[in-house]
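J.: For reference, the structure I am asking about is given below.
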Amino acid sequence: MTGLAGSHPALLQMRGIEKRFPGIIALHQVTFDVAPGEVHCLLGQNGAGKSTLIKVLAGVHQPNAGRIVFDGQDVDFSSPDDAIKAGIGTMYQELDLVESLTVAENIFLGHEQTRGGFSSRKSEQSKARELLARLGHPEISPDMEVGELSAAGQQIVSMARALSREVKLIIMDEPSAVLDSEEVANLFDTVRTLTANGVAVIYISHRLEEIRMIGDRITVLKDGTAAASNLLVSETPNAELIRYMTGRTISSIFPPVRSLDERTPPVLEVKDLVIAPGHQPISFSVRAGEILGLAGLVGSGRSEILGAVYGSTKAVSGSVAVDGKKIRSGSTVAAVNAGMGLCPEERKSQALLLDDTLIANFTLPSIGRFATAGFTDGAREYRASMEQIEKLELRPADPRREARTLSGGNQQKIVLGRWLSHGCRVLLLDEPTRGVDVGARSEIYQLVSELAGSGIAIIVVSSELEEVLGLCHQVLVVSEQRIVHRAPAGELSEHQILDLVMEGSTL
Amino acid sequence: MSISTPPKLERAQAVVPRRSAMKWLLDAGLRRNLGLILALVLLCALGVLTAGDRFADSNNLMTILRLAAVTGVVSIGATFVITIAGIDLSVGAILALAAVWATTLSGQAFAESTSWIFMPLTAMLIGAAAGLLNGILIAYGKVVSFITTLAMMAAARGLAEIISDKKTQLITVDGFLQAVGGEVFGIPVIVVIFVVVAVAGWVLLNRTTFGRRTFAIGGNPEAARLAGIKVQRHTALVYTLAGLCAGIGAFMLMARTTTGSATHGTGLELDVIAAVVIGGTLLSGGRGSIFGTVLGVLIFSALTNIFTLNNLSLSVQLVAKGAIIVIAVLIQRQLAIRQSRT
């Protein structure tokens with residue numbers, strides 16, 4: 001807990017920041033201070049204006065009004081380059097790396113190390129190696145292609161890129177979203193080293209426990225205004241933070257787990273499914289109304305299991321059956337026809353038509369049903385979309401809006417609504433609450449529970465053990481491409497699952 | 001990000017907002033293509049200024065439309081291809097192949113003894129078949145569209161030369177020349193075909209499941225696949241459609257020139273791509289506009305006409321064409337940016 005306000009002159013002062021987009025006031029009279037060497041946490045629900053605020057600071061957006069003082073000088077960033085030159089580094093939530101370039105090339109993108117006009121590969125590589133080692137990841141080789149790295153690895157590269165320049169302030173937008181607990185610990189070590197050297201960090205995360213571990217002060221945004229500023233982490237209880245964020249208190253965000261009739265026949269049956277050559281066969285089944293959780297670390301093989309069940313990747317052998325009927329392997333068409341639906345991990349790249357309307361996104365798999373002899377019926381599509389918007393309490397409630405303009409939580413609701421309106425027997429949810437804020441999370445949990453109640457078989461893959469335990473009936477623990485344990489959620493604790501995952505032991 | 005939470009929706013509000021056809025046209029058609037319409041109006045003004053009555057004459061307007069018709073029909077098919085983020089370089093060569101195949105001596109003799117309709121049918125069939133081959137290679141063989149259609153461009157042109165022995169074949173089937181080369185109510189039949197294909201293309205792209213899937217595959221192929229859309233089959237169909245349009249263009253050109261030749265449609269693919277792109281269809285896929293494509297084609301043929309009326313050389317035309325492509329795309333970009341903010 002270093003430099004708090006008052007003891008130092010502020011490094012950054014944002015005063016009366018105003019940012020309007022057509023039809024929307026994204027930021028209204030926001031005041032935000034950061035002291036040198038502190039970790040200032042920015043909290044708020046999706047759509048509260050966090051991203052807009054940091055984009056204003058990073059020079060991506062220009063504010064309509066307000067004053068920014070950075071390092072004692074009035075600044076007016078007209079481009080991200082200006083902000084970087086002033087000493088503000090940003091790690092965006094959506095990784096902005098070029099996958100086909102190497103790690104070193106990405107790190108020095110835009111400020112290539114040159115010698116006599118030629119790019120100096122050698123010095124870039126040695127500097128990159130040094131940076132990665134400093135971040136506790138010497139195993140990442142500077143000449144690897146970024147596309148070959150895991151999401152966590154890419155995150156590290158993104159941070160190395162921010163640190164490759166002289167920075168006085170680093171903005172981290174949900175850096176832990178794709179990291180496991182050990183990687184988060186590494187990240188925090190790095191953050192502490194930075195702050196000890198006087199670098200300030202703006203840290204954005206939905207995980208309150210992380211903020212407790214790393215943060216000095218907190219500013220909470222709600223609906224584009226600062227609901228609370230400069231709260232001391234050590235003196236502010238979680239309940240108070242949640243109240244500032246949502247304007248309400250949340251006692252338990254999980255709906256009660258519905259009881260299951262043991263005699264209900266299984267809807268989804270997976271038998272001896274071998275996902276890749278050399279892997280152990282996997283078998284499990286899900287009954288109507290049952291929620292099955294797949295717990296495990298990122299990269300443990302959870303998403304791969306889901307992909308093989310859905311047919312987005314072709315399994316080596318084994319069978320998947322819905323209502324007793326086997327599905328052709330490796331065909332998403334067959335899976336959807338059999339009544340399966342998938343909400344994939346990467347909403348933007350795998351699920352949404354970002355530039356298209358909500359209507360087009362909702363009706364994507366079921367467009368044939370809104371058509372007579374191939375001709376679509378716009379009015380029917382509109383009504384069906386409006387119905388989903390109401391049911392999901394989607395905001396803003398305009399079916400003709402582009403999906404791109406919605407917040408993460410609302411985008412996830414679009415993908416869910418797509419399968420609701422299609423009508424599913426089996427729903428596969430891969431990280432359903434990733435990048436979704438606390439308020440929208442509980443809505444999504446409620447929705448999943450209701451869907452199960454209506455007789456749909458559901459599989460939930462999640463990195464958040466709390467979520468798997470709070471939402472599911474049955475849990476499969478996955479480690480190193482194997483199912484290492486299966487038990488009713490009620491008989492497991494977070495601690496047990498972590499032990500199983502770490503050891504990869506068979507029980 | 002809105003400050004005020006929107007009011008709770010009443011049931012009654014879930015009624016589809018009425019949008020009359022006229023308002024829709026004004027809204028989507030005119031506003032989105034404002035830059036193009038403006039360009040066309042300016043061109044026409046230029047035509048009247050420089051060539052006066054020779055330009056504004058109704059016969060001259062028909063000449064412009066006749067010139068636009070073949071490129072126009074082929075561009076409609078290409079709009080679908082570009083909307084799925086593909087490219088088809090082979091349309092000109094396919095057109096030539098379809099034209100020489102439909103005008104072989106034996107083919108003409110057969111059409112003479114039965115019905116002229118077999119000539120356009122042959123052209124369409126050959127066009128669609130070549131397009132299907134493109135589509136299968138691209139969708140199932142996973143060869144990128146640029147390479148596949150580049151190969152088809154060479155192969156189809158070569159095959160056309162072999163079949164025709166590099167000779168231009170005169171068309172002697174009077175039924176065909178009268179039917180397709182003639183006029184209805186003073187409007188050339190090929191112009192009518194252009195209008196029909198354009199309207200059908202608009203309906204197909206904007207009002208059918210086929211069109212919706214086209215946009216979806218262009219916008220996010222992975223999302224489309226995971227939503228259970230038959231992406232490969234659809235891709236193959238889109239290239240087949242482009243081939244079919246080239247086949248239609250082939251018999252239109254046959255009627256206009258009264259010949260079949262392996263040199264038909266040389267360089268057509270670039271005119272087509274230019275027209276589609278200045279019409280606002282994104283090369284990156286996901287957005288396409290038939291109306292924009294039609295405007296793009298009209299702009300180019302009006303330009304050619306004005307230059308011809310003013311006795312300017314083909315070389316000058318090419319320079320102007322290049323300038324127009326760049327200017328139009330720049331304007332489109334600015335408008336698109338402004339629109340995305342509203």
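The values are calculated or read from the model by the stated rules, or taken from the named source; none is laboratory data. Just so you know, these numbers come straight off a predicted model, no measurement behind them. Quick reminder, even Gly has a Cβ in these numbers, built from the backbone with ideal geometry, and neighbours come from all protein chains shown. To get the accessible areas, we keep the full protein, side chains included, count just its heavy atoms, and leave off ligands, DNA and RNA. Shrake-Rupley method; radii C 1.70, N 1.55, O 1.52, S 1.80 Å.
J.: Could you work out the pair-distance distribution P(r) of chain A from its alpha-carbon pairs, with 20 angstrom bin width and percents rounded to whole numbers?
T.: 21, 53, 25, 1
J.: Follow-up question, since we're still on this one. Summing both sides, how much accessible area is buried between A and B? Use a 1.4 Å probe and give Å² to the nearest 100. Please list the in-between numbers first.
T.: Details: alone 22260 and 17900 Å², together 36750 Å².
So the buried area, both faces added, is about 3400 Å².
J.: Please average, across the residues of B:210-223, the number of beta carbons from any other chain that are within 10 Å of each residue's own beta carbon, and give a whole number.
T.: Going residue by residue through B:210-223 and averaging, the value is 6.
J.: Assuming a ≥ b ≥ c are the square roots of the Cα gyration tensor eigenvalues, decide whether region B:48-195 counts as rounded (a/c under 1.5), prolate (otherwise, with a/b larger than b/c) or oblate.
T.: Verdict is oblate for region B:48-195.
J.: Can you compute the radius of gyration and Dmax for region A:300-364, using only the Cα atoms, both in Å?
T.: Cα only, region A:300-364: 13.3, 39 Å (Rg, Dmax).
J.: A further question on this structure: Is the shape of region B:190-342 best called rounded, prolate or oblate, per the rule: a/c under 1.5 gives rounded, else a/b larger than b/c gives prolate, else oblate, with a ≥ b ≥ c the square roots of the Cα gyration tensor eigenvalues?
T.: Judged from the Cα gyration tensor, region B:190-342 comes out oblate (a/c at least 1.5, b/c at or above a/b).
J.: Once you have the alpha carbon radius of gyration of region B:111-246, what is it after dividing by 2.2 N^0.38 Å, with N set to its residue count?
T.: Dividing the Cα radius of gyration by 2.2 N^0.38 Å gives 1.28.
J.: Please name which of A:His473, B:Ser289, B:Val173 has its Cα lying farthest along the dipole of the protein assembly as shown towards the positive end, using unit charges on Cβ (Lys, Arg +1; Asp, Glu -1) and the Cα centre as origin.
T.: B:Val173
J.: Moving on. Once a ≥ b ≥ c are taken as the square roots of the eigenvalues of the Cα gyration tensor of the protein assembly as shown, is the result rounded (a/c under 1.5), prolate (a/b larger than b/c) or oblate (a/b not larger than b/c)?
T.: Because a/c hits 1.5 or more and a/b exceeds b/c, the protein assembly as shown counts as prolate.
J.: Which semi-axis lengths, in whole Å and largest first, follow from the square roots of five times the eigenvalues of the Cα gyration tensor of region A:261-324?
T.: 21, 14, 9
J.: Among B:321-327, B:77-83, B:188-194, what's the highest-first ranking by average C-beta atoms within 10 angstrom per residue?
T.: The densest-packed peptide leads the list: B:77-83, B:188-194, B:321-327.
J.: What whole-number distance in Å separates the alpha-carbon centres of region A:430-446 and region B:199-230?
T.: When both Cα centres are located, 30 Å separates them.
J.: How big is the shadow of the Cα convex hull of region A:438-495, averaged over all directions, in nm²?
T.: 4.5
J.: Between region B:157-191 and region A:320-343, what's the alpha-carbon centroid distance in Å?
T.: With region B:157-191 and region A:320-343 each reduced to a Cα centre, they are spaced 50 Å.
J.: Positive end of the dipole of region B:186-342, charges at C-beta (+1 Lys, Arg; -1 Asp, Glu), about the Cα centre: which of B:Met254, B:Ile193, B:Thr235 has its Cα farthest in that direction?
T.: The listed residue farthest towards the positive side: B:Thr235.
J.: Can you give me the Cα centroid spacing of region B:234-306 and region A:80-150 in angstrom?
T.: If we compute the Cα centre of each part, the gap is 44 Å.
J.: Can you work out the FRET efficiency for the pair B:Ala151 and B:Thr63, with r the C-beta to C-beta distance and R0 = 30 Å, to the nearest 0.05?
T.: Values: r = 36 Å, r/R0 = 1.20.
Efficiency, rounded to the nearest 0.05: 0.25.
J.: Using packing as a proxy for protection, rank A:287-298, B:241-252, A:473-484, B:156-167 so that the peptide with the highest average count of other Cβ atoms within 10 Å comes first.
T.: So the order, starting with the most tightly packed, is B:241-252, A:287-298, A:473-484, B:156-167.
J.: Here's another thing I want to ask about it. Can you give me the pair-distance distribution of chain B, C-alpha pairs, 10 Å bins, whole percents?
T.: Once binned at 10 Å, the Cα pair distances of chain B give 6, 23, 31, 24, 10, 4, 1, 0.
J.: Here is a further query. Got a sec? Charge dipole of the protein assembly as shown, +1 on Cβ for Lys and Arg, -1 for Asp and Glu; which of A:His279, A:Gly198, B:Thr114 is way out at the positive end?
T.: Positive-most Cα among the choices belongs to B:Thr114.
J.: With every protein chain left in place and a probe of 1.4 Å, what is the accessible surface of A:His28, to the nearest 10 Å²?
T.: Accessible area of A:His28: about 80 Å².
J.: Right, here's the next one. For chain B, calculate the relative contact order in percent as a whole number, restricting contacts to Cα pairs under 8 Å that are 6 or more residues apart.
T.: It rounds to 32 percent for chain B.
J.: Can you tell me which of A:219-228, A:169-178 comes out highest on packing, and rank the rest after it, using the mean Cβ neighbours within 10 Å?
T.: A:169-178, A:219-228
J.: How crowded by other chains is A:361-369, given as the mean number of beta carbons from other chains within 10 Å of each beta carbon?
T.: Partner Cβ neighbours, averaged per residue: 5.
J.: Here's something else I'd like to know. Which angle between 0 and 90 degrees, to the nearest 10, do you get for helix B:118-139 versus the longest principal axis of chain B when only C-alpha atoms count?
T.: Around 50 degrees separate the two axes.
J.: Probe radius 1.4 Å, ligands and nucleic acids left out: which of A:Arg263, A:Arg129 has the largest accessible area, and how do the rest follow? Walk me through the numbers on the way to the answer.
T.: Values: A:Arg263 200, A:Arg129 120 Å².
Descending accessible area places them as A:Arg263, A:Arg129.
J.: Another question, then. Send over the per residue convex hull volume for region B:183-246, Cα only, as a whole number of Å³.
T.: In region B:183-246, the Cα convex hull volume per residue is 78 Å³.
J.: Given q = 0.11, 0.18 Å⁻¹, what are the Debye log10 I(q)/I(0) values for region A:355-423, with equal point scatterers placed on the Cα positions and solvent ignored?
T.: Result of the Debye calculation: -0.22, -0.57.
J.: Moving to a separate point now. So what's the angle, to the nearest 10 degrees on a 0 to 90 scale, between helix B:58-83 and the longest Cα principal axis of chain B?
T.: Its long axis makes an angle of about 60 degrees.
J.: Follow-up question, since we're still on this one. Which length gain, in nm to one decimal place, applies between A:Asp499 and A:Asp323 when the Cα-Cα distance is subtracted from 0.36 nm times their residue separation?
T.: 59.9 nm
J.: While we're here: Per DSSP helix of 4 or more residues, -39500 (n - 2.57); summed, then divided by the residues of chain B. What does that give at 222 nm, rounded to the nearest 500?
T.: Estimated from H runs of four or more residues: -23500 deg cm²/dmol.
J.: Quote the charge dipole size of chain A about the Cα centre in Debye, to the nearest 20; the model charges only the Cβ of Lys and Arg (+1) and of Asp and Glu (-1). Provide the component values of the computation, followed by the final result.
T.: Values: 49 positive and 63 negative charges, 208 e Å.
Computed charge dipole of chain A: roughly 1000 debye.
J.: Another question about this same structure. For A:Val69 paired with A:Asn337, estimate the spin-label separation in nm (one decimal), with each label point 7 Å from Cα along the Cα-to-Cβ line.
T.: 6.8
J.: Treating the Cα atoms of region A:105-182 as identical point scatterers in vacuum, please give the log10 of the normalised Debye intensity I(q)/I(0) at q = 0.11 Å⁻¹, two decimals.
T.: Log10 I(q)/I(0), no solvent term: -0.29.
J.: Continuing with the same structure: Nearest 500 deg cm²/dmol is fine: what mean residue ellipticity at 222 nm does chain A get from its DSSP H runs of n ≥ 4 alone, each adding -39,500 (n - 2.57), divided by its residue count?
T.: That comes out to -9500 deg cm²/dmol.
J.: Also, quick follow-up: Counting only the backbone N, which residues of region A:126-141 are under 19 Å from the spot 7 Å out from the Cα of A:Glu99 toward its beta-carbon?
T.: Under 19 Å, as judged by backbone N against the label point of A:Glu99, lie A:141 of region A:126-141.
J.: With +1 on the Cβ of every Lys and Arg and -1 on the Cβ of every Asp and Glu, and nothing else charged, how large is the dipole of region A:94-165 about its Cα centre, in debye rounded to the nearest 20?
T.: Using Cβ point charges on Lys, Arg, Asp and Glu, region A:94-165 gives about 460 debye.
J.: Would you kindly work out the equivalent ellipsoid of region A:50-137 from its C-alpha gyration tensor and give its semi-axes, the square roots of five times the eigenvalues, largest first in whole Å?
T.: 29, 15, 13
J.: Still on this structure, please answer the following. Just the accessible area for A:Lys391, please: 1.4 Å probe, Å², rounded to the nearest 10?
T.: My reading of the accessible area for A:Lys391 is about 120 Å².
J.: Just to make sure I understand: if all protein chains stay in place, what is the order of A:Arg212, A:Arg20, B:Arg333 by accessible area at 1.4 Å, largest first?
T.: Greatest to least solvent exposure: B:Arg333, A:Arg20, A:Arg212.
J.: How big is the charge dipole of the protein assembly as shown about its Cα centre, in debye rounded to the nearest 20, if each Lys and Arg gets +1 on its Cβ and each Asp and Glu gets -1 on its Cβ?
T.: Its charge dipole is roughly 2320 debye.
J.: Let me ask you something else. Ignore the peptide's own chain and count Cβ atoms of other chains within 10 Å of each Cβ in A:371-381; give me the average, rounded.
T.: Per residue, the average neighbour count from other chains is 4.
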